[in-house]
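Engineer: After the structure tokens below, expect a handful of questions from me.
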Amino acid sequence: MTENTEEKRLRFVKTDNPPFWVKPLIPILALVGTFILTSGLIMMANANPFEAYYYFLLAPLGNKVSILEILVKSTPLIITGVAVTYAFSTGYYNIGAEGQLYAGAIAGTWIGMSAHGMPSFVALPLMILGGFAAGVAWALIPALLKVKLAVDEVVTTLLMNSIMAYIVSAILNGPWRDPNSGWPQSPEIAPSAVFFKLVPRSRLNFGFLVAVALVLILWFVMNRSTFGLKMRAVGLGKPAAKFAGIKVNRTILIAALISGGIAGIAGVAEVAGIHFHLISEISPGYGYTGVIIATLGSLNAFGVGLAAVFFGLVDTGAQTLGRALGVPVYLGEVTQATMLLVALGMLLLQRYRIRRM
Amino acid sequence: MFIVDMQKITKIFGELLANDHVDFQLRKGEIHALLGENGAGKTTLMRILYGLYQQTTGDVFINGEKAIIHSPKDAIKYGIGMVTQHFALVPPMTVAENIVLGYTDNIILDQDSIEQKVGAAAKQFGLEINPKSIVRHLSVGQRQRVEILKALYRNASVLILDEPTAVLVPQEVDILFETLDRLRNDGLSVIFISHKLDEVTKITDRVTVLRDGKSIGTVNTCDINTRQLAAMMVGRDTFGVTRQTDINPESKTILEVENLSVLDDKGLPAINNLKLSIREGEILGIAGVGGNGQKELAEILCGVRIPTSGSIKIDGTNLVGKDPLEFSKLGMGRIPEDRHEGVVGDLTVYENLSLEYLDEFTNKGVLDRKTIRNNAENLIKKFQIKAKPTDKIKTLSGGNMQKVLLARVLSRQPKVLIVPQPTRGLDVGATEYVREQLLEQRNRGAAVMLISEDLDEILCLSDRIAVMFEGEIVGTINTQDATPEKLGLMMSGALREVA
């Protein structure tokens, strides 16, 4: 009898318990994978891939100005990542953070414009609460459709984003059009409604503190509160949660509304911290990136925070790269997108082991 | 020469050794039983033969030649057919369409000609079935016949039947056995997977016994009796947990169910005007072939399905319209039929143990982690659960998972206990443990409803037995008056009786 060589080959076998050293290895492997995939393109742009990656990932960490800029860029991403995590943990796939962010931005701008003569310690909490409430309101319709009529929330939350984009456009071209310039942008918010700077002569502001607080609150709610356990139980095993007497629909509804509210705060932070007025380009898709960040952070509070800061780094690095090597800025975006796909692939593959059989 | 010769087959799933160097030989024209308990590796071995799994090591020879079987398609090419427990039929299609599905290369389907061919084949193999019937309208026994015909139509010379009698009433079993007997005489080789000793001794020529993934041996059926087979199967003389005492005739009724009706997921009536009651310290066994409304009944009594009419009373309090949490609080101890729908696999043992009574483990909205941990440690000790509190539930064996569910419920000393299929898929040790616990609850004074498809389990534990057929209770008898024959007739709807 001859040895059957065909039967022995490397196969992927699913495993529930990946060894402990797999997790830290993922970012490194993702980086190597991305480097291999993108170095060809970088060479086509007449640049050295090693040099490019230095500017992309290491140079931004080398000076204070760009480190602060990384934190500024990650602020809205942390907030939307946290927002999406509440919903996803409960098994409610809220893709509507983008629209909820703009709802919060509208409310924040409105309160900010009306805050003339109001002290900051009143105006800022009021704006945050207002943004939260507006986000909740915008999340309410899809959430109710989900729990009352079982309408798929992925579709409804996504469509609500388009509706919100047109509402913003209508407001900016209508009642709030800047009377002086005629541009579709709202009048500026009151100076007392502007988020104060954390570091002078930088863009880093109070919004970053809000984001950090939201991460800590997320951790506490998910790991220490009874409602957090209910959300996780519903998200991980709906039938079992129902069987144990947890009010599944109520839990989903509340999680969906919290998610919308927090996304609304991201809108307030952008208006009050960065732009000081409402424009239709407040968010280049922060709400959608929040979905990616929540997934990349494995729905874990600190994972989400880290993933958001990493995105901030990559964002900053893409600009540094363009400036330093004269390659198109788009190359940075290509690299960013590639890295994302590779990282998501890695997250999927960590659940498998390779076996010779 | 053997028609099928499996040599030293080993199959590993993750950490689990499902088959350990198993040898299996099938002769032409024999019915060969593959006997073993749940989890012994019978189905795994046959799935390897049918190409659904690939063996980790070992070789398969068909008619003396080495066979490499990567998929059921390869298996069919080698003349192997398999009828699984869950039929692979398309309900809205006709019998003839189901049989040629995936086995015809014609672009245009000529209904008349396939019906003729299938009809001729049915006649040839003596499998009485109308090729024009819509599968949805067929009984389970008829559907099984379609599956067998499908395999034979594809020129199978080896037929694998995976627990074919599990879904049949006794009368249908007889018909199946007659068919198999005739097919054997025509030269077909049949592999009969079972854990029922009486069936194995009745129909088969040889038996291969598997235990814990290993082959214990192959014997001629005529050389061995059921006791010896049982000993091979479990590795020791069988002994069971049985009810010892009679019920106190003066004990009062605790659970009363009246006029209960409900629709199933397809909107068809699943339960009609069902009425039953259970007394303090009594186990009421609910017998019946699967799919006669037992699942829906259990779900209603667990509070996760809402009846269209009727009442459920514990000590006179009506539970209908309340949510599962209130069911628990009013003394309804509930265990789900599917264990995986009772525990959240990705949560830990201690979290799952607290899930049903979260308000008692909460202090101002924050989890009282110390109490939750203590509770878990106590229950793990008391119910001999082999796990750490921080283990994820999904890493536990079925028996330990069931113990977690039992612990969660029994620690509350419920007045009523609803246990649908409590030992399904458990090994002997865990099964006995669960049965002991049920009897202990009965002796404590709980009213226990045991829904089971395992007649032996019902007969050895129940005080009274109610038989369900097509959503109704067709009879309730005292256990001392119950015989398997009588229950079989009631389960097939042929006999109605009220005690």
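Read-outs throughout are calculated quantities, based only on the coordinates presented, and are distinct from any laboratory measurement. Values in this document were obtained by computation on a predicted structure and should not be read as measured data. Positions of Cβ are backbone-derived with ideal geometry, glycine not excepted, and every protein chain shown enters the neighbour counts.
Engineer: Run down the aspartates and glutamates and flag those whose C-alpha is under 17 Å from the C-alpha of B:Lys66, throwing out any fewer than 8 positions away in its chain.
Structural biologist: Reachable aspartates and glutamates: A:Glu3, A:Glu6, A:Glu7, B:Asp5, B:Asp23, B:Asp74.
Engineer: Projecting each Cα onto the charge dipole of the protein assembly as shown (Lys/Arg +1, Asp/Glu -1 at the beta carbon, about the Cα centre), which of B:Ala482, B:Ile380, B:Leu405 comes out farthest on the positive side?
Structural biologist: Working it through, the farthest residue towards the positive pole turns out to be B:Ile380.
Engineer: Name the residues whose placed amide hydrogens come within less than 5 Å of the amide hydrogen of B:Asn19, ignoring near sequence neighbours (fewer than 5 apart) on the same chain.
Structural biologist: It is B:Lys11, by chain and number.
Engineer: Can you compute the helix-only [θ] at 222 nm over chain A? Use -39500 (n - 2.57) per DSSP H run of at least 4 residues, normalise by all residues, nearest 500 deg cm²/dmol.
Structural biologist: Working: 13 runs with 238 residues, N = 357.
So the calculated ellipticity at 222 nm is -22500 deg cm²/dmol.
Engineer: Something else now. How big is the charge dipole of segment B:93-137 about its Cα centre, in debye rounded to the nearest 20, if each Lys and Arg gets +1 on its Cβ and each Asp and Glu gets -1 on its Cβ? Kindly include the intermediate steps, with their values, before the conclusion.
Structural biologist: Working: 4 positive and 6 negative charges, 34 e Å.
Computed about the Cα centre, the dipole is about 160 debye.
Engineer: Cut-off under 24 Å on the C-alpha distance; same-chain residues fewer than 8 positions from B:Lys382 excluded. Which lysines are left, in chain and number order?
Structural biologist: Of all the lysines, those that pass the test against B:Lys382 - Cα under 24 Å, at least 8 places apart if same chain - are B:Lys329, B:Lys370, B:Lys392, B:Lys394, B:Lys403, B:Lys415.
Engineer: Also, quick follow-up: Using only the alpha carbons of segment A:48-326, determine the length spanned along each of the three principal axes and report them from longest to shortest in whole angstroms.
Structural biologist: The principal-axis extents, from largest down, are 58, 51, 33 Å.
Engineer: Restricting to Cα atoms and excluding each atom paired with itself, what does the Kirkwood estimate give for segment A:267-347 in Å? Don't skip to the end; give the middle numbers.
Structural biologist: Details: mean 1/r = 0.0711 Å⁻¹.
This gives a value of 14.1 Å.
Engineer: Based on Cβ point charges of +1 for Lys and Arg and -1 for Asp and Glu, what charge dipole magnitude is obtained for segment B:4-234 about its Cα centre, in debye rounded to the nearest 20?
Structural biologist: Values: 25 positive and 28 negative charges, 26 e Å.
Taking the Cα centre of segment B:4-234 as origin, the dipole is about 120 debye.
Engineer: Okay, next question. Pairs of lysines 8 or more apart, or on different chains, with alpha carbons under 27 Å: count those in chain A, would you?
Structural biologist: The number of close lysine pairs in chain A is 19.
Engineer: Skipping prolines and chain starts, which residues have an amide H placed within reach, meaning under 5 Å, of the one on B:Ala33, given they are 5 or more residues away or on another chain?
Structural biologist: B:Phe192, B:Asp205, B:Arg206, B:Val207, B:Thr208
Engineer: Quick check on the protein assembly as shown: of the DSSP beta bridges with both residues there, what percent are antiparallel, nearest 5%?
Structural biologist: Counting DSSP beta bridges with both partners in the protein assembly as shown, the antiparallel share is about 60 percent.
Engineer: While we're looking at this one, here's another question. If you project the alpha carbons of chain B onto the principal axes, what extent comes out on each, in Å, largest first?
Structural biologist: 69, 49, 45
Engineer: Here's something else I'd like to know. Please compute the Kirkwood hydrodynamic radius of segment B:394-476 from all pairs of different C-alpha atoms, in Å with one decimal. It would help to have the intermediate numbers written out before the result.
Structural biologist: Numbers: mean 1/r = 0.0734 Å⁻¹.
Value: 13.6 Å, from the Cα pair sum.
Engineer: If you average the sequence gap of Cα pairs under 8 Å that are 6 or more apart and divide by the length of segment B:114-257, what percent do you get for the contact order?
Structural biologist: Values: 110 pairs, mean separation 21.1, N = 144.
Rounded, it is 15 percent for segment B:114-257.
Engineer: Which translational diffusion coefficient, to the nearest whole µm²/s, is obtained for the protein assembly as shown from the Stokes-Einstein equation, given a Kirkwood hydrodynamic radius over C-alpha pairs, 10 °C and 1.306 mPa s? If you can, show how the numbers build up before the last one.
Structural biologist: Values: Rh = 31.6 Å.
Value of D from the Cα-based Kirkwood radius: 50 µm²/s.
Engineer: Can you return the lysines within cross-link range of B:Lys202? Criterion is Cα-Cα under 28 Å, with same-chain partners fewer than 8 residues away left out.
Structural biologist: B:Lys28, B:Lys42, B:Lys123, B:Lys150, B:Lys214, B:Lys486
Engineer: Select from segment A:187-296 those trypsin sites (Lys or Arg not before Pro) which occupy a DSSP coil region and have at most 14 other Cβ atoms within 10 Å, ordered by residue number.
Structural biologist: Numbers: sites: A:Lys197, A:Arg201, A:Arg203, A:Arg224, A:Lys230, A:Arg232, A:Lys242, A:Lys247, A:Arg250; in loops: A:Arg201, A:Arg203, A:Lys247.
Counting only loop positions with at most 14 other Cβ atoms within 10 Å, the trypsin sites (Lys or Arg not before Pro) in segment A:187-296 are A:Arg201.
Engineer: Let me ask something additional. Given R₀ = 30 Å, what would the calculated FRET efficiency be for B:Arg444 paired with A:Asn249, taking r from the Cβ atoms and rounding to 0.05?
Structural biologist: 0.25
Engineer: Only four residue types carry charge here, +1 at the Cβ of Lys and Arg and -1 at the Cβ of Asp and Glu. Report the dipole size of chain B about the Cα centre in Debye, rounded to the nearest 20.
Structural biologist: Values: 59 positive and 67 negative charges, 210 e Å.
Once rounded to the nearest 20, the dipole reads 1000 debye.
Engineer: Let me ask something else about it. In whole angstrom, how far apart do the alpha carbon centroids of segment B:364-385 and segment B:177-210 sit?
Structural biologist: The distance from the Cα centre of segment B:364-385 to that of segment B:177-210 comes to 50 Å.
Engineer: So, one more: As an exercise, use a Förster radius of 35 Å and the Cβ-Cβ distance of A:Ile141 and B:Ser139 to find the FRET efficiency, rounded to the nearest 0.05. All intermediate terms of the calculation are to be shown ahead of the outcome.
Structural biologist: Numbers: r = 47 Å, r/R0 = 1.36.
According to the calculation, E is roughly 0.15.
Engineer: Can you give me the relative contact order of segment A:48-326 as a percent, contacts being Cα pairs under 8 Å and 6 or more apart?
Structural biologist: On the way: 530 pairs, mean separation 113.8, N = 279.
This gives 41 percent for segment A:48-326.
Engineer: Still on this structure, please answer the following. Scanning chain A for helices, which whole DSSP H stretches are 27 Å or more long along the axis (Cα) and average -1.0 or more by Kyte-Doolittle? It would help to have the intermediate numbers written out before the result.
Structural biologist: Working: long enough: A:22-44 (34 Å, 1.90); A:64-89 (35 Å, 1.29); A:120-149 (43 Å, 1.75); A:153-173 (30 Å, 1.43); A:248-270 (34 Å, 1.43); A:301-325 (36 Å, 1.21); A:329-349 (30 Å, 1.72).
Answer set is A:22-44, A:64-89, A:120-149, A:153-173, A:248-270, A:301-325, A:329-349.
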